[in-house]
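A short write-up of the structure that comes next.
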Amino acid sequence: GEIDRDAIFRLKSSALQKIWQRVRGRRNAAFERFRREQTGLEQFAIFSVLAERFGAGWQGWPAEFRHPGSAAVAAAVRDTRSRDRVLFHQWVQFQIDRQLARASAAMPVMQDLPIGFDAGSADGWAFQDVLAQGISVGAPPDEFNTRGQDWGLPPFVPDKLRSAGYEPFVQTIRACLRHAGGLRIDHAMGLFRLFWIPVGSEPRDGAYVRSHAADLLSIVALESQRARAVIVGEDLGTVEEEAREQLAAKQILSYRLLWFEKTPPAKFPDRALAAVTTHDLPTIAGLWSDSDLEAQKRLGLSPNEAGTVEIKDRVRKLTGAGPQTPVPEIVARVHEGLSRSRSRILTATLDDAMAVEERPNMPATTDEWPNWRLALPK
């Protein structure tokens, strides 16, 4: 089945609103401290109130509300009702923070930092002065995504970010490491360079733009020390060797995937996170049954069939599996093979634990595939 996230959002919002009606007048020292300490929380809450009033995507709001520093924005949240709504959105963030703290007290949590955020989001609104407008980031064509990828996310302009004292980047890293034992940085090459695509163009028409990598790496290192958290850099795809060396010099763990590595797991480096696959790649069951390949063909994604056959051959060698081997047995044997790795961290997915054939996310699709909406079978 598919998850109806809009319906869930409406139900949760309604329930939270009812709880807020009961608790809003009570003194809560922890909530007051949270409000004081969290940089950007007030601005996020104001954005949320304006988004409820004017709809999604701040670029379509009345002109006077399109910048957080405008007098109209300040005036819009002065009345009692608006102030209460601002407080409500801060309180919801406080509840999330408390739940995360409880979860990470039971077991270290590794957070995930995506490569960017939606241009029309709260971050897009708050950080607009240091973002490249009319540009989105992605990836050039490669052996797995022959059309390239456009992620629809705006990049920071490197010199503008530096002039802002890297404040937006610092805020982001610090927030991600709150209550976390680790952080996986998606597309770690983004710390060095990003593939910029003018809005309306194809990924093949994009170009690489370099960042001030030494500054960004130093900030990540400093914040990880403060939080006492491990950092993993997703160094997959098109990665320059010099970038891997700089990541290693800061003791940022590499990311090694069974699907990508030609060498067996026993030869994976120890300073790495080892995994079979990711949310963007075939599950074990999807690969083995060929259903993932068929889905890509059905969607017109020009899949790399030769590469897929080569991965299946490696799985066959690693597991000794044949046509009659049940899929759950193959899943178990693949992870047994992965466990021979010396890598510091090993991860498994719930999708593989349940032998699910469909991958959670299909790159280069929007509505053609139920991205992030597939419910697990149990």
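The values are calculated or read from the model by the stated rules, or taken from the named source; none is laboratory data. Keep in mind that what you see is a predicted model, and the values were worked out from it rather than measured. All Cβ positions, glycine included, derive from the backbone under ideal geometry; neighbour counts span all protein chains shown. The protein model used for the area step is the full one, side chains on, heavy atoms only, and it has no ligands, DNA or RNA in it. Shrake-Rupley method; radii C 1.70, N 1.55, O 1.52, S 1.80 Å.
Of note:
- Residue that is surrounded by the most Cβ atoms within 10 Å (Cβ to Cβ), among those in the range 172-192 that are part of a strand (DSSP E or B) and in contact with a helix residue (DSSP H, G or I) (Cβ under 8 Å, 6 or more places away or on another chain): ILE185
- Screening the candidates ALA139, ALA126, ALA175 for the property of being over 24 Å from ARG98 (Cβ atoms) and among the small types (Gly, Ala, Ser) yields one hit, ALA139.
- The residues of the range 5-20 that are without any contact (Cβ under 8 Å) to a residue 24 or more places away in the chain and not aromatic (Phe, Trp, Tyr), listed by number, are ASP6, ALA7, ILE8, ARG10, LEU11, LYS12, SER13, SER14, ALA15, LYS18, ILE19.
- Residue within the range 148-168 that is open to solvent by less than 30 Å² (accessible area, probe 1.4 Å), under 23 Å from ARG35 (Cα atoms) and not in a strand (DSSP E or B) present: yes
- When the helices (runs of 4 or more DSSP H) confined to the range 261-367 are screened for residues that are among the aliphatic types (A, V, I, L, M) and under 18 Å from ASP142 (Cα atoms), those reaching at least 1 such residues are found at 291-298, 305-319.
- ARG210 being touching a Lys or Arg at 6+ places or on another chain (Cβ under 6 Å) and in contact (Cβ under 8 Å) with a residue 40 or more places away in the chain: yes
- Failed item in (1) buried (at least 19 other Cβ atoms within 10 Å of the Cβ); (2) modelled with pLDDT of 95 or more; (3) not β-branched (Val, Ile, Thr), with GLY138 passing the rest: (2)
- Verdict on ASP280 being under 23 Å from the mean Cα position of the chain (by Cα) and either free of Cβ contacts under 8 Å to residues at least 40 places away in the same chain or open to solvent by 40 Å² or more (accessible area, probe 1.4 Å) (or both): yes
- Top-ranked residue in the range 307-331 [being under 16 Å from VAL276 (Cα atoms) and polar (S, T, N, Q); ranked as surrounded by the fewest Cβ atoms within 10 Å (Cβ to Cβ)]: THR308
- Selection of the range 218-239 for residues being open to solvent by 40 Å² or more (accessible area, probe 1.4 Å) and at negative phi yields SER218, LEU222, GLN225, ARG226, VAL230, THR238.
- When ALA243 is tested against the conditions (1) open to solvent by less than 60 Å² (accessible area, probe 1.4 Å); (2) within 25 Å of ALA188 (Cβ to Cβ); (3) part of a helix (DSSP H, G or I); (4) without any contact (Cβ under 8 Å) to a residue 40 or more places away in the chain, the lone failure is (4).
- Flag if LYS262 is closer than 20 Å to GLU336 by Cα and open to solvent by 40 Å² or more (accessible area, probe 1.4 Å): yes
- Among residues of the range 104-122 that are among the charged types (D, E, K, R), those with a beta-carbon under 9 Å from a residue that is part of a helix (DSSP H, G or I) at least six positions away or on a different chain give the pairs ASP112/CYS176; ASP118/GLY124.
- Residue count for the range 21-70 satisfying the condition of being loosely packed, with under 15 Cβ neighbours inside 10 Å, touching a residue at least 40 places away in the same chain (Cβ under 8 Å) and among the hydroxyl-bearing types (Ser, Thr, Tyr): 1.
- Scanning the range 196-217 for residues that are in a helix (DSSP H, G or I) and surrounded by fewer than 18 Cβ atoms within 10 Å (Cβ to Cβ) yields ARG204, ASP205, ALA214, ASP215.
- Residues of the range 81-95 that are of a type in the set (A, V, I, L, M) and either open to solvent by 40 Å² or more (accessible area, probe 1.4 Å) or farther than 26 Å from HIS179 by Cβ (or both): LEU87 alone.
- Criterion violated by GLN251 - all others in (1) open to solvent by less than 20 Å² (accessible area, probe 1.4 Å); (2) on the phi > 0 side of the Ramachandran plot satisfied: (1)
- Screening GLY206 against (1) closer than 18 Å to PRO155 by Cβ; (2) at pLDDT below 95 leaves a single unmet condition, (2).
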